[in-house]
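Notes for the one structure printed next.
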Amino acid sequence: MIIIIRLVVLGFFFHYRVMHPVNDAYALWLVSVICEIWFAISWILDQFPKWLPVDRETYLDRLSLRYDKEGQPSQLSSVDIFVSTVDPLKEPPLVTANTVLSILAVDYPVDKVSCYVSDDGAAMLTFEALSETSEFARKWVPFCKKFNIEPRAPEFYFAQKIDYLQDKVLTSFIKERRAMKREYEEFKVRINALVAKAQKVPEEGWTMQDGTPWPGNNVRDHPGMIQVFLGQSGGHDTEGNELPRLVYASREKRPGFNHHKKAGAMNALVRVSAVLTNAPYLLNLDCDHYFNNSKALKEAMCFMMDPLLGKKVCYVQFPQRFDGIDRHDRYANRNIVFFDINMKGLDGIQGPIYVGTGCVFRRQAFYGNDAPKTKKPPTRTCNCWPNWCCCGCCFSGRKKKKTTKSKSEKKQKFRRLDSGAPVFALEGIEEGIEGIESEKSTMLSEKKLEKKFGQSPVFVASTLLEDGGTLKIASPASLLKEAIHVISCGYEDKTDWGKEVGWIYGSVTEDILTGFKMHCHGWRSIYCIPDRPAFKGSAPINLSDRLHQVLRWALGSVEIFLSRHCPLWYGYGGGLKWLERLSYINATVYPWTSIPLVAYCTLPAVCLLTGKFITPELSNVASLWFLSLFICIFATSILEMRWSGVGIDDWWRNEQFWVIGGVSAHLFAVVQGLLKVLAGIDTNFTVTSKAGDDEDFSELYAFKWTTLLIPPTTLLIINLIGVVAGVSNAINNGYESWGPLFGKLFFAFWVIVHLYPFLKGLLGRQNRTPTIIIVWSILLASIFSLLWVRVDPFLAKSDGPVLEECGLDCH
Ligand SMILES: O=c1ccn([C@@H]2O[C@H](COP(=O)(O)OP(=O)(O)O[C@H]3O[C@H](CO)[C@@H](O)[C@H](O)[C@H]3O)[C@@H](O)[C@H]2O)c(=O)[nH]1
Ligand SMILES: [Mn+2]
């Protein structure tokens, strides 16, 4: 109701704003009204997908009753887990090792878990660290399972304090814990020794332990590499139990090929895993995201293996949670508003967007198939909207459906046999395996599949097995050969990889696009927030790294917005619900808000320097509209915090960082995005640095120079100058000039308060700010203010002596 009221009030507000221009500062008025209209639109885009927030609960005991009864072989599905890593210097091997250890120790049947590590850096350091990790896992995994500890990443487990005096703690546990801690310290020493050794590359390149040169010595030009550790043939843990399989894979790299960054790495793993294990479900994790809750896979299976609704679920996304963030979360790293408000809202529509990590996928959803059609329509067809409302939005899709009717009729024939199976799967099984159809049509459909998936019969065959599993006919050696083949760099040429199949290319934020495509195919996703956070990662805590991360995300969004996948136009007539579309539009259009935002943050300074304002003097009715608008904004925010449980501090941080990111990173993203589209200038994927083991937040205060800092600094300074000028002017002019000053000061404070964490970041711990940035900003700010005073475009020429009004004595 408040949202509706706010909409109505907005209407009246804009009616007033548009009908009452400021005659002596027309440009000021015009700019501010345009900005306000844009902010209103972006509010609507952000607000509407929150109509129906959902909180979910899982019942792991019921899952066990159905699929995992004690004493019986487990019927849980297998999961292939992907870990991506690229740069062992920015992503310390110890971090990756911890992630891998937490995966190997996960609470899930061991023979149903495989861990694939993608190394885009082709680093022998990563390889050797992984080899050490697999050895350490033989001791670590049985320890975790015996005492049921959490979390199962040793670094974080040993970092938490335990209460030895509690009477439940067994003496045997204390002893073994102590021993294990020592073992881990030794493991750490070995890893650190490897890291130290890797600092200086020998002239002839790296040599492996057996004396042969490391194939990945040239990072940009090397063959594909695969090594399988652990698993059935790889030996057992110290208690004699099997361990999950661990696979190191580094895809082939050659100059002249576009490797598509993380998306390319993930697609290579999709194929390798299909050849080697072909689990029906995949989980992807960044190298710094470890299992904080060892039951996370089971949580996901509660949805995926749900006999009623599971078949339509393409992925289960877990929120990203973080370690090692400063108490006040100065740069809104935790993103609480997004993860606890927006994503819960989306779950009530068609599901959360994919955020790149901590997400369990259905493998079939990657193969470009539509979601299976359920016979019984879901109870709520169009969210909470009445049916007459759906008619309007479905109308546009209707035409398209007719033209593709013949095609869908054909599909229907196959679908009738098994409503759940994708079309290709049935075609293949009928024609290929049962051999009913003639040889000619077999060849035809095989050609079609090869065009889609690439030239690997083993991989193509694997895509037809909906429930996973590999063809047992082939020998392990031939499978490995095939696995090397599917990670060669020419493999994806002229196929649908990255276009319709797998992670989608074309943007540095592959995540949004990948999830978007799946939703367009009619799949739904699920948002799962277990009480104990499922995964935890690290976040960049200093200002510059944080801004660069936000820049990359925003750049990805701009790229999508300017591409053929722009959610404004793409995928009508498919399965995308309109509120979900609104949220994708919001996710890709937000960087553009930076332009009005920069303008709007400049306005208060201009107002203070010129003595003009963006509104005419308010009448009583007008003040009423302003007041009700403020109350509505206040009320919607409070209510939102109430239902989501987000605290006021987190919410306020989010507001502040919206401005900080907006006037720096988002602005640069728009410029870079335009450059890329118009001039073809490409940008790199700069990997976010992960904190090593140095704690105590020294990073928070680390200062790194970057151009991103210039616009917010300039804005801060001109607004501060404005405040000084305005106040001194009022002091000179006496009592009656304080009244009109109030609005302007309030406006300027609004900007300064939002930029405050940024100011703190600039000053650093020792209050040392590099001189370059001060010089630049003062320069820009003074040029700007001087220009203002001289040109003064907002003043009507007939206004008499212009200079006296600015409050600065410029004569
Ligand atoms: O060429 C590349 C570049 C990156 N990565 C991996 O991609 C992951 C994400 O990179 P990171 O720099 O840590 O990005 P963040 O800003 O922390 O990541 C968020 O945003 C990304 C989208 O930009 C998503 O891919 C991530 O999953 C999400 O956590 C890391 O594991 C990297 O190793 C590769 O495998 N190959
Ligand atoms: Mn990361």
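Select from the range 61-99 the residues that are in contact with a Cys (Cβ under 7 Å, 6 or more places away or on another chain) and more than 16 Å from ligand 2 (Cβ to nearest atom) and list them in ascending order. Quick ask: steps written out before the conclusion?
Within the range 61-99, the subset in contact with a Cys (Cβ under 7 Å, 6 or more places away or on another chain) is 63, 81, 83-85, 91, 95-96, 99.
Matches in the range 61-99: Leu63, Ile81.
Among the residues of the range 455-475, the ones that are in contact (Cβ under 8 Å) with a residue 60 or more places away in the chain and in contact with a helix residue (DSSP H, G or I) (Cβ under 9 Å, 6 or more places away or on another chain) come to 10 in all.
This table checks each residue for (1) modelled with pLDDT of 90 or more; (2) closer than 25 Å to Lys145 by Cα.
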| residue | (1), (2) |
| --- | --- |
| Ser294 | yes, yes |
| Glu299 | yes, yes |
| Cys314 | yes, no |
| Asp329 | no, no |
| Ala371 | no, no |
| Pro378 | no, no |
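Does at least one position in the range 336-344 carry a residue that is in contact with a helix residue (DSSP H, G or I) (Cβ under 7 Å, 6 or more places away or on another chain) and within 16 Å of ligand 2 (Cβ to nearest atom)? Within the range 336-344, not a single residue is in contact with a helix residue (DSSP H, G or I) (Cβ under 7 Å, 6 or more places away or on another chain) and within 16 Å of ligand 2 (Cβ to nearest atom).
Scan the range 279-303 for residues that are surrounded by fewer than 24 Cβ atoms within 10 Å (Cβ to Cβ), within 20 Å of Asp467 (Cα to Cα) and either of a type in the set (Gly, Ala, Ser) or out of contact with any Phe, Trp or Tyr (no Cβ under 9 Å at 6 or more places or on another chain) (or both) and the total you get is 3.
Residue under question is Phe613, and the condition is that it be touching a Pro at 6+ places or on another chain (Cβ under 9 Å) and at pLDDT 90 or above; does it hold?
Considered against the rule, which asks whether it is touching a Pro at 6+ places or on another chain (Cβ under 9 Å) and at pLDDT 90 or above, Phe613 comes out as no.
Does the range 159-167 contain any residue that is hydrophobic (A, V, I, L, M, F, W, C), modelled with pLDDT of 90 or more and not in a loop (DSSP other than H, G, I, E, B)? No; the residues of the range 159-167 include none that is hydrophobic (A, V, I, L, M, F, W, C), modelled with pLDDT of 90 or more and not in a loop (DSSP other than H, G, I, E, B). When restricted to residues that are away from ligand 1 (no atom under 16 Å from the Cβ), hydroxyl-bearing (Ser, Thr, Tyr) and outside any strand (DSSP E or B), the range 273-322 contains 2. State whether the residues of the range 451-464 include one that is among the aliphatic types (A, V, I, L, M), in a helix (DSSP H, G or I) and in contact with a Phe, Trp or Tyr (Cβ under 6 Å, 6 or more places away or on another chain). Yes, the range 451-464 contains a residue that is among the aliphatic types (A, V, I, L, M), in a helix (DSSP H, G or I) and in contact with a Phe, Trp or Tyr (Cβ under 6 Å, 6 or more places away or on another chain).
Would you call Ser250 out of contact with any helix residue (DSSP H, G or I) (no Cβ under 7 Å at 6 or more places or on another chain) and within 16 Å of ligand 1 (Cβ to nearest atom)? Talk me through it step by step, then tell me what you get.
Working: out of contact with any helix residue (DSSP H, G or I) (no Cβ under 7 Å at 6 or more places or on another chain): yes; within 16 Å of ligand 1 (Cβ to nearest atom): yes.
Spelling it out, Ser250 is indeed out of contact with any helix residue (DSSP H, G or I) (no Cβ under 7 Å at 6 or more places or on another chain) and within 16 Å of ligand 1 (Cβ to nearest atom).
For Met266, are the conditions met, namely being within 16 Å of ligand 2 (Cβ to nearest atom) and either closer than 29 Å to Thr463 by Cβ or at pLDDT 85 or above (or both)? Spelling it out, Met266 is indeed within 16 Å of ligand 2 (Cβ to nearest atom) and either closer than 29 Å to Thr463 by Cβ or at pLDDT 85 or above (or both). Could you list, in sequence order, the residues of the range 323-348 that are of a type in the set (A, V, I, L, M) and in a helix (DSSP H, G or I)? Ile336, Val337, Ile341, Met343, Leu346, listed by residue number.
Scanning the range 719-755 for residues that are of a type in the set (Ser, Thr, Tyr) and either at pLDDT 85 or above or out of contact with any helix residue (DSSP H, G or I) (no Cβ under 9 Å at 6 or more places or on another chain) (or both) turns up Ser728, Tyr735.
Evaluation of Ile44 against the conditions (1) of a type in the set (A, V, I, L, M, F, W, C); (2) at pLDDT 90 or above; (3) farther than 26 Å from Asn342 by Cα shows that the sole unmet condition is (3). Among residues belonging to the range 663-718 that are within 16 Å of ligand 1 (Cβ to nearest atom) and among the charged types (D, E, K, R), point out the one that is modelled with the highest pLDDT. It comes out as Lys676.
Can you confirm whether the range 495-507 contains a residue that is away from ligand 1 (no atom under 16 Å from the Cβ), surrounded by fewer than 24 Cβ atoms within 10 Å (Cβ to Cβ) and among the hydroxyl-bearing types (Ser, Thr, Tyr)? Yes.
Scanning the range 630-651 for residues that are out of contact with any Ser or Thr (no Cβ under 9 Å at 6 or more places or on another chain) and crowded, with 17+ Cβ neighbours inside 10 Å gives Cys632, Thr636, Glu640, Met641, Ser644, Val646, Asp650. Screening Asp306 against (1) closer than 28 Å to Ile585 by Cα; (2) without any contact (Cβ under 8 Å) to a residue 24 or more places away in the chain; (3) of a type outside the set (Ser, Thr, Tyr) leaves a single unmet condition, (1). When residues in the range 238-268 are screened for being under 21 Å from Thr509 (Cβ atoms), buried (at least 22 other Cβ atoms within 10 Å of the Cβ) and among the charged types (D, E, K, R), 2 of them pass.
Residue-wise test of (1) within 14 Å of ligand 1 (Cβ to nearest atom); (2) of a type in the set (D, E, K, R); (3) farther than 21 Å from Asp370 by Cβ.
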{"site": "Phe516", "(1), (2), (3)": "yes, no, no"}
{"site": "Ile526", "(1), (2), (3)": "no, no, no"}
{"site": "Ile529", "(1), (2), (3)": "no, no, yes"}
{"site": "Ile541", "(1), (2), (3)": "yes, no, yes"}
{"site": "Gln549", "(1), (2), (3)": "yes, no, yes"}
{"site": "Ile560", "(1), (2), (3)": "yes, no, yes"}
{"site": "Arg564", "(1), (2), (3)": "no, yes, no"}
{"site": "Leu579", "(1), (2), (3)": "no, no, no"}
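Looking only at residues in the range 340-365 that are out of contact with any Asp or Glu (no Cβ under 8 Å at 6 or more places or on another chain) and over 30 Å from Ser273 (Cα atoms), the one that is nearest to ligand 1 (Cβ to nearest atom) is Asp340.
The values are calculated or read from the model by the stated rules, or taken from the named source; none is laboratory data. This structure is a prediction, so every number in the text was calculated from the model and none was measured. Here the Cβ is made from the backbone with ideal geometry for all residues, glycine too, and neighbour counts use every protein chain on show.
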